[in-house]
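Trainee: Dropping a structure here in C-alpha coordinates format, bear with me for questions.
The values are calculated or read from the model by the stated rules, or taken from the named source; none is laboratory data. The structure presented is a predicted model; accordingly, all values stated were derived computationally and were not measured. Glycine gets a Cβ as well: all are built from the backbone with ideal geometry, and neighbour counts include every protein chain shown.
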Amino acid sequence: MATKRSSSRRQFLKTTAAASVGAATLGSAPRVVGARSHGLPQQADGPLVISSRNGMNAVERAMEVIKSGADALDAVVAGVNLVEEDPNDTSVGYGGLPNADGVVQLDAAVIHGPTGRAGSVACIEGIKYPSKVAKLVLERTDHVNLVGKGAQEFAIMHGFPVENLLTERARLAWVRWRENLSNRDEYLPPHEADDPSIGADYEPQHRTWGTIHCSAIDLAGNISSVTTTSGLAFKIPGRVGDSPIIGAGLYCDNEVGAAGSTGRGEANLENCASFLIVERMRAGDSPEQACLYACERIADHTRKAYLLNERGEPDFNVQFYALNKAGEVGGAQIRGENGQFAACNSEGSFLVDLAYLYK
Ligand code: GLY
(Lines give C-alpha, C1' and ligand atoms only; values in the text may rest on other atoms or scores of the structure.)
Protein backbone atom coordinates (compact mmCIF):
# COMPACT_ATOMS: atom_id res chain seq x y z
CA MET A 1 0.00 0.00 0.00
CA ALA A 2 2.86 2.34 0.85
CA THR A 3 4.47 1.63 -2.52
CA LYS A 4 1.27 2.45 -4.34
CA ARG A 5 0.89 5.76 -2.54
CA SER A 6 4.46 6.55 -3.16
CA SER A 7 4.36 5.87 -6.88
CA SER A 8 1.24 7.94 -7.46
CA ARG A 9 2.85 10.77 -5.50
CA ARG A 10 5.98 10.50 -7.66
CA GLN A 11 3.84 10.69 -10.77
CA PHE A 12 2.13 13.78 -9.43
CA LEU A 13 5.42 15.27 -8.41
CA LYS A 14 6.70 14.89 -11.96
CA THR A 15 3.62 16.60 -13.35
CA THR A 16 3.79 19.37 -10.82
CA ALA A 17 7.48 20.01 -11.25
CA ALA A 18 7.07 20.12 -15.02
CA ALA A 19 4.21 22.59 -14.73
CA SER A 20 6.21 24.71 -12.38
CA VAL A 21 9.25 24.75 -14.64
CA GLY A 22 6.99 25.79 -17.48
CA ALA A 23 5.78 28.75 -15.49
CA ALA A 24 9.25 29.83 -14.43
CA THR A 25 11.85 31.68 -16.43
CA LEU A 26 14.79 29.37 -16.98
CA GLY A 27 18.46 30.15 -17.35
CA SER A 28 21.07 31.40 -14.95
CA ALA A 29 18.78 34.07 -13.50
CA PRO A 30 16.95 33.34 -10.24
CA ARG A 31 13.74 31.44 -10.85
CA VAL A 32 11.48 34.17 -9.67
CA VAL A 33 8.16 32.80 -10.77
CA GLY A 34 6.24 35.55 -9.03
CA ALA A 35 8.45 38.44 -10.16
CA ARG A 36 5.69 39.41 -12.53
CA SER A 37 3.68 40.55 -9.50
CA HIS A 38 6.05 43.46 -9.13
CA GLY A 39 7.30 43.70 -12.69
CA LEU A 40 10.91 43.45 -11.54
CA PRO A 41 13.83 42.36 -13.68
CA GLN A 42 15.51 39.10 -12.76
CA GLN A 43 19.11 39.06 -11.69
CA ALA A 44 21.68 36.30 -11.46
CA ASP A 45 24.35 38.30 -9.66
CA GLY A 46 24.41 40.50 -6.61
CA PRO A 47 22.83 40.29 -3.23
CA LEU A 48 19.68 38.31 -2.65
CA VAL A 49 17.33 37.67 0.25
CA ILE A 50 14.50 35.18 0.62
CA SER A 51 11.95 34.67 3.34
CA SER A 52 8.68 32.99 4.11
CA ARG A 53 5.57 34.84 2.84
CA ASN A 54 5.18 36.81 6.07
CA GLY A 55 8.59 38.41 5.53
CA MET A 56 8.12 40.94 2.72
CA ASN A 57 9.21 43.73 5.10
CA ALA A 58 11.98 41.50 6.39
CA VAL A 59 13.55 40.87 2.98
CA GLU A 60 13.41 44.57 2.15
CA ARG A 61 15.03 45.49 5.47
CA ALA A 62 17.68 42.78 5.08
CA MET A 63 18.50 44.09 1.60
CA GLU A 64 18.93 47.63 2.93
CA VAL A 65 21.34 46.34 5.54
CA ILE A 66 23.27 44.31 2.96
CA LYS A 67 23.52 47.31 0.66
CA SER A 68 25.11 49.25 3.52
CA GLY A 69 27.93 46.68 3.38
CA ALA A 70 26.85 44.48 6.29
CA ASP A 71 27.31 40.75 6.65
CA ALA A 72 24.39 38.54 5.59
CA LEU A 73 23.85 37.34 9.16
CA ASP A 74 23.40 40.88 10.50
CA ALA A 75 21.04 41.50 7.59
CA VAL A 76 18.75 38.51 8.05
CA VAL A 77 18.52 39.07 11.80
CA ALA A 78 17.67 42.76 11.28
CA GLY A 79 15.03 41.62 8.79
CA VAL A 80 13.27 39.12 11.03
CA ASN A 81 13.44 41.51 14.00
CA LEU A 82 10.67 43.48 12.26
CA VAL A 83 8.44 40.40 12.37
CA GLU A 84 9.49 39.44 15.90
CA GLU A 85 8.33 42.82 17.19
CA ASP A 86 5.13 42.91 15.13
CA PRO A 87 2.13 42.14 17.39
CA ASN A 88 0.04 41.31 14.31
CA ASP A 89 2.14 38.31 13.31
CA THR A 90 0.86 35.71 15.73
CA SER A 91 3.45 33.12 14.73
CA VAL A 92 6.66 34.91 15.65
CA GLY A 93 8.05 36.81 18.67
CA TYR A 94 5.91 39.42 20.44
CA GLY A 95 2.24 38.61 19.87
CA GLY A 96 3.02 34.96 19.04
CA LEU A 97 0.33 32.51 20.13
CA PRO A 98 1.21 30.96 23.49
CA ASN A 99 1.62 27.38 24.64
CA ALA A 100 -1.13 25.35 26.31
CA ASP A 101 -0.53 27.20 29.59
CA GLY A 102 -0.89 30.62 27.96
CA VAL A 103 2.87 31.30 28.01
CA VAL A 104 4.69 32.51 24.89
CA GLN A 105 7.76 30.30 24.33
CA LEU A 106 9.98 31.19 21.40
CA ASP A 107 12.51 29.28 19.28
CA ALA A 108 15.16 30.74 16.98
CA ALA A 109 18.39 29.77 15.28
CA VAL A 110 21.05 31.35 13.08
CA ILE A 111 23.82 30.02 10.87
CA HIS A 112 26.77 32.07 9.63
CA GLY A 113 27.90 30.61 6.33
CA PRO A 114 31.45 32.01 6.08
CA THR A 115 32.52 30.68 9.49
CA GLY A 116 30.19 27.69 9.68
CA ARG A 117 29.07 28.69 13.16
CA ALA A 118 25.55 28.29 14.52
CA GLY A 119 23.57 29.45 17.54
CA SER A 120 20.07 28.81 18.76
CA VAL A 121 17.61 29.19 21.60
CA ALA A 122 14.54 27.10 22.33
CA CYS A 123 11.58 27.62 24.66
CA ILE A 124 12.85 31.05 25.64
CA GLU A 125 10.28 33.17 27.50
CA GLY A 126 9.91 36.93 27.84
CA ILE A 127 12.55 37.92 25.28
CA LYS A 128 11.18 39.77 22.28
CA TYR A 129 14.08 39.10 19.89
CA PRO A 130 15.07 35.43 20.18
CA SER A 131 17.01 35.64 16.90
CA LYS A 132 19.36 38.22 18.49
CA VAL A 133 19.90 35.89 21.43
CA ALA A 134 20.60 33.00 19.04
CA LYS A 135 23.21 35.20 17.34
CA LEU A 136 24.80 35.91 20.72
CA VAL A 137 24.93 32.17 21.46
CA LEU A 138 26.89 31.88 18.20
CA GLU A 139 29.16 34.82 18.99
CA ARG A 140 29.64 34.68 22.75
CA THR A 141 29.54 31.02 23.77
CA ASP A 142 31.14 27.75 22.85
CA HIS A 143 27.68 26.17 22.62
CA VAL A 144 25.10 25.95 19.87
CA ASN A 145 21.77 25.63 21.67
CA LEU A 146 20.45 27.11 24.94
CA VAL A 147 16.96 26.30 26.20
CA GLY A 148 14.35 27.63 28.59
CA LYS A 149 15.47 29.37 31.76
CA GLY A 150 19.15 29.11 30.82
CA ALA A 151 18.50 30.83 27.51
CA GLN A 152 16.54 33.59 29.26
CA GLU A 153 19.28 34.11 31.87
CA PHE A 154 21.86 34.31 29.10
CA ALA A 155 19.74 36.98 27.40
CA ILE A 156 19.36 38.91 30.64
CA MET A 157 23.14 38.74 31.13
CA HIS A 158 23.48 40.46 27.76
CA GLY A 159 21.05 43.20 28.69
CA PHE A 160 17.81 42.03 27.16
CA PRO A 161 14.71 43.10 29.09
CA VAL A 162 12.20 40.45 30.12
CA GLU A 163 8.86 41.54 28.68
CA ASN A 164 5.30 40.29 28.58
CA LEU A 165 4.99 38.91 25.05
CA LEU A 166 1.36 37.84 25.38
CA THR A 167 -0.76 40.41 23.59
CA GLU A 168 -4.48 40.70 24.33
CA ARG A 169 -5.24 39.26 20.90
CA ALA A 170 -3.04 36.19 21.58
CA ARG A 171 -4.50 35.76 25.07
CA LEU A 172 -8.05 35.79 23.71
CA ALA A 173 -7.08 33.27 21.02
CA TRP A 174 -5.64 31.02 23.74
CA VAL A 175 -8.82 31.26 25.82
CA ARG A 176 -10.86 30.37 22.73
CA TRP A 177 -8.59 27.39 22.04
CA ARG A 178 -8.71 26.21 25.66
CA GLU A 179 -12.47 26.43 25.78
CA ASN A 180 -12.92 24.49 22.54
CA LEU A 181 -10.19 21.93 23.07
CA SER A 182 -12.24 19.03 24.23
CA ASN A 183 -15.73 17.99 25.16
CA ARG A 184 -14.23 16.12 28.05
CA ASP A 185 -12.72 18.91 30.15
CA GLU A 186 -14.26 21.65 32.26
CA TYR A 187 -13.67 24.59 29.93
CA LEU A 188 -16.60 25.70 27.76
CA PRO A 189 -16.77 28.34 25.05
CA PRO A 190 -19.69 30.76 24.97
CA HIS A 191 -22.70 28.62 24.00
CA GLU A 192 -26.41 28.07 24.22
CA ALA A 193 -27.47 25.60 26.89
CA ASP A 194 -28.87 23.17 24.29
CA ASP A 195 -25.87 23.32 21.86
CA PRO A 196 -24.65 19.72 21.29
CA SER A 197 -21.56 20.63 19.25
CA ILE A 198 -19.25 22.25 21.74
CA GLY A 199 -15.61 21.25 21.45
CA ALA A 200 -13.49 19.95 18.61
CA ASP A 201 -11.78 16.73 17.67
CA TYR A 202 -8.13 16.65 16.75
CA GLU A 203 -7.74 17.64 13.11
CA PRO A 204 -4.21 18.40 11.98
CA GLN A 205 -5.33 20.79 9.25
CA HIS A 206 -6.84 23.00 11.94
CA ARG A 207 -3.62 23.30 13.93
CA THR A 208 -1.67 26.51 13.63
CA TRP A 209 2.00 26.67 12.77
CA GLY A 210 3.77 29.80 11.68
CA THR A 211 7.36 30.96 11.64
CA ILE A 212 9.68 33.13 9.63
CA HIS A 213 12.77 31.86 7.87
CA CYS A 214 15.15 34.26 6.10
CA SER A 215 18.37 33.54 4.16
CA ALA A 216 20.59 35.96 2.27
CA ILE A 217 23.64 36.37 0.08
CA ASP A 218 25.57 39.54 0.89
CA LEU A 219 27.77 41.76 -1.29
CA ALA A 220 30.76 39.51 -0.60
CA GLY A 221 28.80 36.46 -1.80
CA ASN A 222 28.53 35.02 1.70
CA ILE A 223 25.37 33.29 2.86
CA SER A 224 23.63 33.24 6.25
CA SER A 225 20.26 32.19 7.61
CA VAL A 226 17.84 32.67 10.45
CA THR A 227 14.57 31.05 11.50
CA THR A 228 12.49 32.39 14.37
CA THR A 229 9.06 31.43 15.69
CA SER A 230 6.63 31.16 18.54
CA GLY A 231 6.12 27.60 17.31
CA LEU A 232 3.00 25.54 17.22
CA ALA A 233 0.14 27.44 18.80
CA PHE A 234 -0.95 26.02 22.17
CA LYS A 235 1.86 23.45 22.18
CA ILE A 236 2.70 21.36 25.21
CA PRO A 237 4.91 23.57 27.42
CA GLY A 238 8.53 22.73 26.71
CA ARG A 239 7.88 21.58 23.14
CA VAL A 240 10.78 22.41 20.83
CA GLY A 241 9.96 22.70 17.15
CA ASP A 242 12.20 22.49 14.12
CA SER A 243 13.09 26.19 13.98
CA PRO A 244 15.96 26.14 16.52
CA ILE A 245 17.36 22.83 15.32
CA ILE A 246 20.30 23.18 12.94
CA GLY A 247 19.63 20.99 9.91
CA ALA A 248 15.87 20.95 10.43
CA GLY A 249 14.46 24.51 10.60
CA LEU A 250 17.41 25.87 8.66
CA TYR A 251 20.73 24.92 7.19
CA CYS A 252 23.39 26.88 5.38
CA ASP A 253 26.62 25.95 3.64
CA ASN A 254 28.52 28.93 2.30
CA GLU A 255 29.74 26.97 -0.71
CA VAL A 256 26.32 25.60 -1.68
CA GLY A 257 23.35 27.59 -0.42
CA ALA A 258 20.78 27.77 2.34
CA ALA A 259 17.36 26.39 3.18
CA GLY A 260 14.73 26.94 5.83
CA SER A 261 11.22 25.95 6.67
CA THR A 262 7.89 26.84 8.16
CA GLY A 263 4.94 24.60 8.97
CA ARG A 264 4.60 21.40 10.98
CA GLY A 265 7.96 21.23 12.74
CA GLU A 266 7.58 17.65 13.91
CA ALA A 267 7.55 16.41 10.31
CA ASN A 268 10.67 18.39 9.59
CA LEU A 269 12.45 17.26 12.76
CA GLU A 270 11.92 13.64 11.78
CA ASN A 271 13.52 14.23 8.39
CA CYS A 272 16.25 16.89 8.89
CA ALA A 273 14.84 18.46 5.77
CA SER A 274 16.83 21.71 5.54
CA PHE A 275 20.07 19.75 5.69
CA LEU A 276 18.66 17.40 3.07
CA ILE A 277 17.80 20.31 0.78
CA VAL A 278 21.28 21.82 0.97
CA GLU A 279 22.81 18.41 0.28
CA ARG A 280 20.50 17.91 -2.70
CA MET A 281 21.58 21.31 -4.05
CA ARG A 282 25.21 20.28 -3.55
CA ALA A 283 24.45 17.23 -5.70
CA GLY A 284 23.01 19.40 -8.48
CA ASP A 285 19.31 19.94 -7.71
CA SER A 286 17.88 23.40 -8.26
CA PRO A 287 16.52 25.00 -5.06
CA GLU A 288 12.97 24.14 -6.11
CA GLN A 289 13.80 20.53 -6.98
CA ALA A 290 15.58 20.13 -3.65
CA CYS A 291 12.63 21.56 -1.74
CA LEU A 292 10.22 19.24 -3.56
CA TYR A 293 12.48 16.32 -2.74
CA ALA A 294 12.25 17.19 0.95
CA CYS A 295 8.45 17.40 0.71
CA GLU A 296 8.37 13.98 -0.88
CA ARG A 297 10.65 12.53 1.80
CA ILE A 298 8.30 13.81 4.49
CA ALA A 299 5.27 12.44 2.67
CA ASP A 300 6.93 9.03 2.30
CA HIS A 301 7.81 8.96 6.00
CA THR A 302 4.40 10.01 7.29
CA ARG A 303 2.76 6.86 8.63
CA LYS A 304 0.61 8.00 11.58
CA ALA A 305 -3.00 7.50 10.54
CA TYR A 306 -4.26 10.69 12.18
CA LEU A 307 -1.88 12.71 10.01
CA LEU A 308 -3.13 11.22 6.73
CA ASN A 309 -6.23 12.13 4.78
CA GLU A 310 -8.55 9.66 3.10
CA ARG A 311 -6.17 9.42 0.10
CA GLY A 312 -3.24 8.55 2.34
CA GLU A 313 -1.63 11.97 1.86
CA PRO A 314 -0.18 14.06 4.70
CA ASP A 315 -2.98 16.25 5.99
CA PHE A 316 -0.64 19.03 7.16
CA ASN A 317 1.71 21.43 5.51
CA VAL A 318 5.41 22.18 5.57
CA GLN A 319 6.98 24.86 3.39
CA PHE A 320 10.62 25.03 2.32
CA TYR A 321 12.58 27.98 0.93
CA ALA A 322 16.03 27.78 -0.59
CA LEU A 323 18.67 29.75 -2.45
CA ASN A 324 21.92 28.58 -3.94
CA LYS A 325 25.32 30.15 -4.38
CA ALA A 326 24.49 30.99 -8.00
CA GLY A 327 21.63 33.24 -6.90
CA GLU A 328 18.79 30.89 -7.83
CA VAL A 329 15.82 30.69 -5.49
CA GLY A 330 13.02 28.17 -5.12
CA GLY A 331 10.56 26.75 -2.67
CA ALA A 332 7.97 24.05 -2.25
CA GLN A 333 5.26 22.93 0.10
CA ILE A 334 3.47 19.68 0.69
CA ARG A 335 -0.06 20.96 0.12
CA GLY A 336 -1.65 23.81 -1.82
CA GLU A 337 -1.13 25.39 -5.21
CA ASN A 338 -1.23 29.02 -4.13
CA GLY A 339 1.75 29.22 -1.79
CA GLN A 340 4.35 31.92 -2.25
CA PHE A 341 7.45 33.22 -0.56
CA ALA A 342 9.14 36.59 -0.42
CA ALA A 343 12.40 37.51 -2.08
CA CYS A 344 14.42 40.64 -2.71
CA ASN A 345 17.30 41.45 -5.03
CA SER A 346 19.03 44.78 -5.50
CA GLU A 347 16.14 45.96 -7.66
CA GLY A 348 13.42 45.31 -5.11
CA SER A 349 11.17 42.72 -3.52
CA PHE A 350 8.91 40.20 -5.22
CA LEU A 351 6.92 37.04 -4.59
CA VAL A 352 7.90 33.59 -5.81
CA ASP A 353 5.43 30.72 -6.28
CA LEU A 354 5.96 27.59 -4.21
CA ALA A 355 5.91 24.25 -6.03
CA TYR A 356 3.80 21.60 -4.31
CA LEU A 357 3.17 17.88 -4.00
CA TYR A 358 -0.61 17.91 -3.57
CA LYS A 359 -3.27 20.43 -4.51
N1 GLY B 1 7.90 25.25 12.14
C2 GLY B 1 7.61 25.85 13.37
C3 GLY B 1 7.29 24.90 14.43
O4 GLY B 1 6.82 23.80 14.17
O5 GLY B 1 7.49 25.25 15.59
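Trainee: Can you name the residue in segment 222-232 that is within 16 Å of the ligand (Cβ to nearest atom) and in contact with a Cys (Cβ under 6 Å, 6 or more places away or on another chain) and is also nearest to Gly148 (Cα to Cα) among such residues? Show your work before the answer.
Mentor: Of the residues in segment 222-232, the ones within 16 Å of the ligand (Cβ to nearest atom) are 225-232.
Now narrow it down to the ones that are in contact with a Cys (Cβ under 6 Å, 6 or more places away or on another chain): 225-226.
Values: Ser225: 22, Val226: 19 Å.
Looking at residues that are within 16 Å of the ligand (Cβ to nearest atom) and in contact with a Cys (Cβ under 6 Å, 6 or more places away or on another chain), I get Val226.
Trainee: Scan segment 270-289 residue by residue and report those that are aliphatic (A, V, I, L, M) and in contact with a Phe, Trp or Tyr (Cβ under 8 Å, 6 or more places away or on another chain).
Mentor: Result: Ala273, Leu276, Ile277, Val278.
Trainee: Please work out which one of (1) in a loop (DSSP other than H, G, I, E, B); (2) more than 11 Å from the ligand (Cβ to nearest atom); (3) touching a residue at least 60 places away in the same chain (Cβ under 8 Å) is the condition Ala258 fails and give its number.
Mentor: Ala258 satisfies every listed condition except (1).
Trainee: To continue, here is another question. Can you give me the number of residues within segment 208-221 that are crowded, with 20+ Cβ neighbours inside 10 Å and more than 8 Å from the ligand (Cβ to nearest atom)?
Mentor: Qualifying residue count for the region: 7.
Trainee: Could you grab me the full set of residues in segment 205-232 that are more than 14 Å from the chain's Cα centre (by Cα), of a type in the set (Gly, Ala, Ser) and modelled with pLDDT under 95?
Mentor: Residues satisfying the conditions do not exist here.
Trainee: Still on this structure: Confirm whether Glu313 is over 18 Å from Ile277 (Cβ atoms) and touching a Phe, Trp or Tyr at 6+ places or on another chain (Cβ under 8 Å).
Mentor: Criteria met by Glu313.
Trainee: Which numbered condition in (1) in a helix (DSSP H, G or I); (2) closer than 26 Å to Gly79 by Cα; (3) within 18 Å of the chain's Cα centre (by Cα) is the only one that Cys295 fails?
Mentor: Status for Cys295: all satisfied but (2).
Trainee: Can you name the residue in segment 239-255 that is among the hydrophobic types (A, V, I, L, M, F, W, C) and touching a residue at least 40 places away in the same chain (Cβ under 8 Å) and is also farthest from the ligand (Cβ to nearest atom) among such residues? Steps first, answer last, please.
Mentor: Within segment 239-255, the first condition is being among the hydrophobic types (A, V, I, L, M, F, W, C), and the residues that meet it are 240, 245-246, 248, 250, 252.
Now drop any that are not touching a residue at least 40 places away in the same chain (Cβ under 8 Å), which leaves 240, 245-246, 250, 252.
Details: Val240: 8, Ile245: 10, Ile246: 14, Leu250: 10, Cys252: 17 Å.
Among those that are among the hydrophobic types (A, V, I, L, M, F, W, C) and touching a residue at least 40 places away in the same chain (Cβ under 8 Å), it is Cys252.
Trainee: Could you please let me know if Ile198 is away from the ligand (no atom under 16 Å from the Cβ), surrounded by 13 or more Cβ atoms within 10 Å (Cβ to Cβ) and modelled with pLDDT of 80 or more?
Mentor: no
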